[in-house]
Amino acid sequence: MREEMRQTPKKIIIFDTTLRDGEQSPGASMNIAEKILVAKQLETLGVDKIEAGFPVSSPGDFDAVKAVAAEVKKPIVVGLARTSQEDIARAWDAVKEADRPGLHTFIATSDIHLKYKLRMTKDQVLKAVEDAVKACHEYCSSVEFSAEDATRSDKEFLVDVFNTAILSGADTINIPDTVGYTTPQEFFDLVSYIRTQVTGIEDVDISVHCHNDLGLATANSISAILAGASQVECTINGIGERAGNASLEEIVMALNVRKDVYNFYSGVDTTQIYPASRLVSHVTGISVQPNKAIVGANAFAHEAGIHQDGYLKDRTTYEIMTPESVGIGQSSLVMGKHSGKHALKNRLEALGYNLTDTEISKVFKRFKDIADRKKDIYDEDIEAIVMEEVYRIPDKYRLKYLNITSGTVAVPTATVQLEIEGEVVQAAGFGNGPVDAVYKTIIQMTGVRARLLHFSVSSITGGTDALGEVTVNLQDKNRIAVGHGSDPDILVASGKALVNAMNRLEFLKTKDLSVDK
Ligand code: KIV
Ligand code: ZN
């Protein structure tokens with residue numbers, strides 16, 4: 001491993017799959033506008049490739065990939081396809097308008113998958129690889145081939161598969177640890193084996209795609225880099241199928257902070273990591289665990305007295321990187337109730353939101369409303385307003401009025417006024433607590449029979465007057481939607497989040513989708 005480190009720094013290609021594998025996280029869902037927003041943030045972050053989706057999987061996914069392809073300029077926009085000609089044609093249709101389109105085709109190679117899932121022989125798999133990669137190559141030059149479940153595959157067969165892929169025109173071969181099974185040393189050995197046994201490997205990129213079932217995804221990815229991989233596949237906040245994928249922020253910061261041992265670098269602007277993390281958490285409804293490396297709420301918090309003492313004397317005693325280096329703590333106090341529309345427009349542009357006049361007016365109206373109740377408005381508050389006012393699904397239900405009575409002796413009661421498809425209705429109801437009263441009343445008024453899978457409250461910025469942000473996940477049969485609401489009053493935020501999730505469930509029904517794309 002050491003020899004690799006002493007050579008001149010080598011660039012590692014960052015292949016972000018937040019919009020594809022990340023979206024496969026249970027409960028994660030993004031609509032097209034949100035996918036575009038995340039893709040643009042990934043571009044600002046400086047990733048090299050964005051896997052935008054799996055176009056054949058649903059019309060919604062196709063449209064989302066197509067929209068991302070039209071918006072993103074610098075990174076390669078990749079569409080995923082199985083080896084069938086139909087998948088590949090559909091993926092190409094979705095990415096072809098991109099400035100830099102790419103295709104990614106995959107088939108499983110392990111004995112387990114061949115026997116139980118594919119019911120194919122090794123020869124049939126080799127033929128499928130050849131046909132698929134050739135078909136992709138006819139469409140474009142950026143072609144990745146993945147051997148799904150590579151880490152549980154027969155090594156010699158893997159070599160045959162990758163030889164075939166390279167001969168057929170792949171410019172990247174990917175070694176996925178699909179089930180998060182491998183270990184750092186074992187993966188180092190596997191990547192080294194592939195690197196020495198596959199013909200023509202020096203002319204292509206070796207990629208790795210690690211899942212986190214044993215919590216080893218980052219370690220395995222770094223180990224693969226040390227063995228010669230030049231591309232890593234990862235997601236913001238490590239979201240993804242089951243226990244998730246290797247986390248982008250962990251890999252990038254490990255290479256960055258420990259450049260004394262790892263002689264590699266990425267093109268990522270690390271100060272954009274935290275904004276990307278917040279955005280992905282917001283649009284997917286998957287909150288980041290407080291102790292998550294790099295982006296968790298406690299990642300830079302010092303609790304023990306001895307630690308605080310040392311930190312105050314010199315922050316390097318307990319801090320190996322600064323919060324500023326990953327974009328935390330840069331939130332600036334921007335405005336208050338005297339700020340005008342022009343100042344808001346400038347701030348929105350600085351935050352990367354180029355909105356139309358109508359959208360700015362909507363954001364401004366809400367901004368003024370909040371500024372009347374909250375003294376200081378921060379960037380994070382403005383972003384929450386933009387999410388709710390601009391990037392939301394068209395409303396069937398609108399919360400017009402909410403009044404709650406609760407306390408140590410009162411029976412929690414909610415009086416709610418809703419507009420349902422233009423008609424105003426009002427009702428009151430009780431609950432075990434104030435949130436329960438709000439939810440029961442709204443559910444009774446709308447007749448929506450959905451199950452509340454998840455409810456969480458967090459504070460967007462500090463202080464008791466901070467905007468409270470509520471996230472809920474609602475399930476109606478096989479459909480799951482996420483809803484957000486923010487308000488200085490967390491009960492109002494709760495009502496808004498529920499209504500938002502109901503609107504999104506309605507949207508899924510109209511699009512005939514099981515998740516919100
Ligand atoms: O985990 C996996 O094997 C995948 C492939 C499609 C690369 O996501
Ligand atoms: Zn995966």
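The values are calculated or read from the model by the stated rules, or taken from the named source; none is laboratory data. Just so it is clear, the structure is predicted and the values come from calculations on it, not from any experiment. Every residue, glycine as well, gets a Cβ built from its backbone with ideal geometry; the counts of neighbours run over all protein chains shown.
Read through the list (1) buried (at least 23 other Cβ atoms within 10 Å of the Cβ); (2) part of a helix (DSSP H, G or I); (3) of a type in the set (Val, Ile, Thr), then give the number of the only condition that Ile443 fails.
The number of the failed condition is (1).
Please work out which one of (1) within 30 Å of Arg90 (Cα to Cα); (2) within 12 Å of ligand 1 (Cβ to nearest atom) is the condition Asp213 fails and give its number.
(1)
Spot the failing condition for Met120; the list is (1) without any contact (Cβ under 8 Å) to a residue 12 or more places away in the chain; (2) assigned to a helix (DSSP H, G or I), and only one is missed.
(2)
Inspect segment 389-398 for any residue being aromatic (Phe, Trp, Tyr) and at pLDDT below 85 and give the result as yes or no. Let's see the steps before the verdict.
Kept after step one, since they are aromatic (Phe, Trp, Tyr), are these residues of segment 389-398: 391, 397.
Then drop every residue that is not at pLDDT below 85, which leaves 391.
Yes - at least one qualifying residue is present in segment 389-398.
Looking only at segment 4-51, which residues are away from ligand 1 (no atom under 16 Å from the Cβ), closer than 25 Å to Leu453 by Cα, within 11 Å of the chain's Cα centre (by Cα) and small (Gly, Ala, Ser)?
Ser29, the sole residue that qualifies.
Can you name the condition, by its number, that Lys73 falls short on among (1) buried (at least 19 other Cβ atoms within 10 Å of the Cβ); (2) away from ligand 1 (no atom under 14 Å from the Cβ)?
(1)
Tell me which residues, restricted to segment 242-267, are of a type outside the set (S, T, N, Q), part of a loop (DSSP other than H, G, I, E, B) and either touching a His at 6+ places or on another chain (Cβ under 6 Å) or more than 18 Å from His209 (Cα to Cα) (or both).
Across segment 242-267, the qualifying residues are Arg258, Lys259, Asp260, Val261, Tyr262, Gly267.
Answer yes if at least one residue in segment 199-206 is touching a residue at least 40 places away in the same chain (Cβ under 8 Å) and in contact with a helix residue (DSSP H, G or I) (Cβ under 7 Å, 6 or more places away or on another chain), and no otherwise.
No, every residue in segment 199-206 fails to be touching a residue at least 40 places away in the same chain (Cβ under 8 Å) and in contact with a helix residue (DSSP H, G or I) (Cβ under 7 Å, 6 or more places away or on another chain).
If I ask for residues that are part of a helix (DSSP H, G or I) and closer than 19 Å to Tyr193 by Cβ, which ones from segment 220-241 would you list?
Asn220, Ser221, Ile222, Ser223, Ala224, Ile225, Leu226
Confirm whether Gly329 is under 23 Å from Asn237 (Cα atoms), modelled with pLDDT under 80 and either over 29 Å from the mean Cα position of the chain (by Cα) or part of a loop (DSSP other than H, G, I, E, B) (or both).
In short, yes.
Among the numbered criteria (1) within 23 Å of Val283 (Cβ to Cβ); (2) of a type in the set (A, V, I, L, M, F, W, C); (3) modelled with pLDDT of 95 or more, which one does Leu37 miss?
(3)
Say we look at segment 240-252 and pick out the residues that are surrounded by fewer than 24 Cβ atoms within 10 Å (Cβ to Cβ) and not small (Gly, Ala, Ser); which of these is farthest from ligand 1 (Cβ to nearest atom)?
Filtering first and then ranking leaves Glu250.
Select, from Leu114, Leu103, the only residue that is within 16 Å of ligand 1 (Cβ to nearest atom) and within 25 Å of Ile36 (Cβ to Cβ).
Details: Leu114 fails: within 25 Å of Ile36 (Cβ to Cβ).
When all the criteria are applied, what remains is Leu103.
Of the conditions (1) in contact with a Leu (Cβ under 8 Å, 6 or more places away or on another chain); (2) over 20 Å from Gly483 (Cα atoms); (3) away from ligand 2 (no atom under 16 Å from the Cβ), Glu51 clears all except one; give me its number.
Every listed condition holds for Glu51 apart from (3).
Hey, any hits in segment 300-322 for a residue that's outside the structural domain of Leu42 (by TED's automatic domain parsing) and in contact with a Pro (Cβ under 7 Å, 6 or more places away or on another chain)?
Scanning segment 300-322, I find at least one residue that is outside the structural domain of Leu42 (by TED's automatic domain parsing) and in contact with a Pro (Cβ under 7 Å, 6 or more places away or on another chain), so the answer is yes.
Looking only at residues that are among the polar types (S, T, N, Q) and in contact with a strand residue (DSSP E or B) (Cβ under 6 Å, 6 or more places away or on another chain) in segment 123-159, which one is nearest to ligand 2 (Cβ to nearest atom)? Quick ask: steps written out before the conclusion?
Our first condition is that a residue be among the polar types (S, T, N, Q); within segment 123-159, this holds for 124, 141-142, 146, 151, 153.
Applying the additional criterion that residues be in contact with a strand residue (DSSP E or B) (Cβ under 6 Å, 6 or more places away or on another chain) yields 142, 146, 151.
On the way: Ser142: 19, Ser146: 9, Thr151: 12 Å.
Filtering first and then ranking leaves Ser146.
Which one of Ala81, Ala98, Ala91 is in contact with a Pro (Cβ under 7 Å, 6 or more places away or on another chain) and at pLDDT 95 or above?
It is Ala91.
Which condition does Val257 not pass, out of (1) crowded, with 17+ Cβ neighbours inside 10 Å; (2) away from ligand 2 (no atom under 16 Å from the Cβ), if it passes all the others?
Among (1) crowded, with 17+ Cβ neighbours inside 10 Å; (2) away from ligand 2 (no atom under 16 Å from the Cβ), Val257 violates only (1).
Do you know which residues across segment 177-210 are hydroxyl-bearing (Ser, Thr, Tyr) and either more than 16 Å from ligand 1 (Cβ to nearest atom) or in a loop (DSSP other than H, G, I, E, B) (or both)?
Thr178, Tyr181, Thr182, Thr183, Ser192, Tyr193, Thr196, Thr199
Looking only at residues in segment 45-62 that are at pLDDT below 95 and part of a helix (DSSP H, G or I), which one is surrounded by the fewest Cβ atoms within 10 Å (Cβ to Cβ)?
Pro59
Give the residues of segment 260-283 that are in contact (Cβ under 8 Å) with a residue 60 or more places away in the chain and either farther than 18 Å from Val38 by Cα or within 16 Å of ligand 2 (Cβ to nearest atom) (or both), sorted by residue number.
Val261, Tyr262, Asn263, Phe264, Tyr265, Ser266
Scan segment 213-223 residue by residue and report those that are under 23 Å from Leu19 (Cα atoms) and crowded, with 23+ Cβ neighbours inside 10 Å.
Selection gives Ala217, Thr218, Asn220, Ser221, Ile222.
Among the residues in segment 160-170, are any of a type in the set (A, V, I, L, M, F, W, C), crowded, with 18+ Cβ neighbours inside 10 Å and within 16 Å of ligand 2 (Cβ to nearest atom)?
no
Can Ser192 be described as assigned by TED's automatic domain parsing to the domain that holds Ile222 and surrounded by 19 or more Cβ atoms within 10 Å (Cβ to Cβ)?
Working: assigned by TED's automatic domain parsing to the domain that holds Ile222: yes; surrounded by 19 or more Cβ atoms within 10 Å (Cβ to Cβ): no.
Here the answer is no, as Ser192 does not meet what is asked.
Of all residues being assigned to a loop (DSSP other than H, G, I, E, B) and small (Gly, Ala, Ser) in segment 130-176, which is nearest to Thr109 (Cα to Cα)? Just the residue, please.
Ser153
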